[in-house]
1. Calculated FRET efficiency, residue 162 and residue 90, Cβ-Cβ r, R0 22 Å, to nearest 0.05?
2. I'd like to compare 68-74, 136-142: which one has the highest average count of other Cβ atoms within 10 Å, and what's the full order after that?
3. Using the basic label-point model (7 angstrom from Cα toward the beta carbon), what is the residue 169 to residue 45 distance in nanometres?
4. Give me the one-decimal nm value for the distance between modelled label points at residue 152 and residue 118, 7 Å along each residue's Cα-to-Cβ direction.
5. Step through the table entries 75/159; 39/59; 103/159, compare each Cα-Cα distance with 20 Å, and write down the pairs that go over it.
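The numbers here are math on the coordinates, done by the rules we state, and not lab data. In this text the structure is predicted, and so the values were computed from the model without any measurement. Here the Cβ is made from the backbone with ideal geometry for all residues, glycine too, and neighbour counts use every protein chain on show.
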Amino acid sequence: MNDETIHDERLRRKSGNSGLDAYLKRKEPETDNSVAACKAFGYLRGIRDTATSVEFRLKDGNSMFFPYGMMGPWKFNPSEGLLLKFSGDIVYLVLIRGSNLAKPLNDGAINLTQAGLQRHRILWIAEMTKEEIQQVGETGPTIDSIEIGEFESQEDMRKWLQEKAPAFLPAE
């Protein structure tokens, strides 16, 4: 069978409702109801939704992003805060201090720790101003500070922890 139809002609004859053409023409929803936030953090609402990275928003306007795939063990000590470890070519420690960090939000479905970070649903965590912290009070989580350390050696990491958050060091 001799088909002299050229490729472009076949593409034009195909329905515009499927394949790449349909994907390129589809419209994104006006609002994204799958994302929610409080003053301290933003998160994915869907119980099965997961984020690929987490953003740390600092008071000075800078942000740092880490892929969840680099996140290793993390520790939560209610009196000290959260200590997250991200490992790649170098190691980063992220020390988050605040109050009510494990407290569920109003709807009771999510918190920063177990239902958030543990399940990779947190999109961003932000340092809050004093005014924002006062507004939230004891009703929800607050983020007083986020400190990010970058380390090439275990010794440097240990010194930083000794200075910033000795409660997270293993007992000797």
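1. Working: r = 19 Å, r/R0 = 0.87.
So the FRET efficiency works out to roughly 0.70.
2. Details: 68-74: 13.1, 136-142: 16.3.
Output ranking for 68-74, 136-142: 136-142, 68-74.
3. The modelled label-to-label distance comes out at 4.6 nm.
4. 3.7 nm
5. Numbers: 75/159 18 Å; 39/59 13 Å; 103/159 31 Å.
Checking Cα-Cα distances, 103/159 exceed 20 Å.
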